């Protein structure tokens, strides 16, 4: 037991040290392009936290469409994502906005569809059915200086349910809303 606890402590210390060195190498302390905390409200709600360079974690309740061999369902889904934003630098190089995590991302995903929150489906299941999605998504997120925000993602993965057969299929999720944030002042550009 003591050896296991010591090994866990060593591995945890190693990962914490790696994260801290990653943050320090990014122009001091902090995350270069990611918002540390971001809330969005609209067709659903989302909370996103910047973890380290180009990586964030988010949770949301947003409209989603699940499709696989057993049928489809459309309604609100609870989503959990790890997001790796891959084009911050490219957007900065062409003078595009990156405020509010305005970039494209890829990452692992989990979504839960609850029967009571579904607007339409063609499943032969009781009203209280639930369905889970485990897979990967590719998404685009844009936040404008006015606070307007939209997020859309498409994914492929495995669906699992207690009342329905399991299988592989696609996922589409979107959210349109507003991010209540402080407006960042534009800095003048000199030649």
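Here, each number is a calculation from the coordinates, and none is a lab measurement. Please read all numbers here as calculations on a predicted model, not as lab measurements. Glycine gets a Cβ as well: all are built from the backbone with ideal geometry, and neighbour counts include every protein chain shown.
Divide, for segment 35-178, the radius of gyration over alpha carbons by 2.2 N^0.38 Å, where N is the residue count.
Dividing the Cα Rg of segment 35-178 by 2.2 N^0.38 Å gives 1.08.
Once you have the Cα-Cα distance between residue 61 and residue 36, take 0.36 nm times their residue separation minus that, and quote the gain in nm to one decimal.
Fully extending the segment from residue 61 to residue 36 adds 7.0 nm.
Using a 7 Å offset from the Cα along the Cα-to-Cβ direction at both residue 120 and residue 96, what is the distance between the two label points in nm, to one decimal?
3.1
Quick check: residue separation of residue 74 and residue 172 times 0.36 nm, minus the Cα distance between them. What number comes out in nm?
Value of the extension gain: 34.3 nm.
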